[in-house]
């Protein structure tokens, strides 16, 4: 039987404060591994090897956030912690089999302070961008991925892929 999973709706928490009804969209980061090219005599091609990660960015579109949220997302010198809680519906053969939590934790600093455009009889929407240093993705209680740039942590499916790297560097 075909199993269909649909991720829908979300709520954003800024520094543990719920923004329910204040945000309209969130774009999570794309995690892009950095790679360097390697070429040598006798090789018929070029290889690429992992060297780290490119910068990560996240953006949130707002209707009109509360003052506490606006202040937190306006200070480029302080880290903002976000928790994005979503729901994943699992269907099997057209029947709703389960509803599962999907949670993203991200940390970063504001990259802009949007003030928006004011128009008569139209909602004002602003978009905050954050430069991220941390993301963790947990789906139905299982940790899928964790990337902590400052602490050299990269875990996928419970496997710490940088443990030896940290040990070799003595950190």
From the option list 9, 89, single residue qualifying as over 27 Å from residue 152 (Cα atoms) and over 18 Å from the mean Cα position of the chain (by Cα) is 89
Output for Cβ contacts, cut-off 8 Å, separation at least six or different chains, first residue under 20 Å from residue 54 (Cβ atoms) in segment 115-135, second loosely packed, with under 10 Cβ neighbours inside 10 Å, reads 133/150; 134/150
Here the qualifying pairs (Cβ atoms under 7 Å; residues six or more apart or on different chains; first in segment 14-33 and in contact (Cβ under 8 Å) with a residue 60 or more places away in the chain; second outside any strand (DSSP E or B) and crowded, with 18+ Cβ neighbours inside 10 Å) come out as 14/69; 14/72; 14/73; 15/72
Checking 122, 143 in turn, the sole residue that is part of a strand (DSSP E or B), surrounded by fewer than 15 Cβ atoms within 10 Å (Cβ to Cβ) and either under 16 Å from the mean Cα position of the chain (by Cα) or at pLDDT below 95 (or both) turns out to be 143
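Rundown of residues vs (1) modelled with pLDDT of 95 or more; (2) exposed (fewer than 12 other Cβ atoms within 10 Å of the Cβ), yes/no style:
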residue	(1), (2)
2	no, yes
28	yes, no
46	yes, yes
49	yes, yes
- Message: Considering only segment 147-161, I want to know if a residue exists there that is under 20 Å from residue 17 (Cβ atoms), assigned to a strand (DSSP E or B), within 13 Å of the chain's Cα centre (by Cα) and touching a residue at least 24 places away in the same chain (Cβ under 8 Å).
- Response: no
Filtering segment 61-77 down to residues that are in a loop (DSSP other than H, G, I, E, B) and closer than 11 Å to residue 15 by Cα yields 73
| query | Hey, any hits in segment 70-92 for a residue that's out of contact with any strand residue (DSSP E or B) (no Cβ under 7 Å at 6 or more places or on another chain), at pLDDT below 95 and surrounded by 12 or more Cβ atoms within 10 Å (Cβ to Cβ)? | reply | yes
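The values are calculated or read from the model by the stated rules, or taken from the named source; none is laboratory data. Keep in mind that what you see is a predicted model, and the values were worked out from it rather than measured. Backbone-built Cβ (ideal geometry, glycine too); neighbour counts: all protein chains shown.
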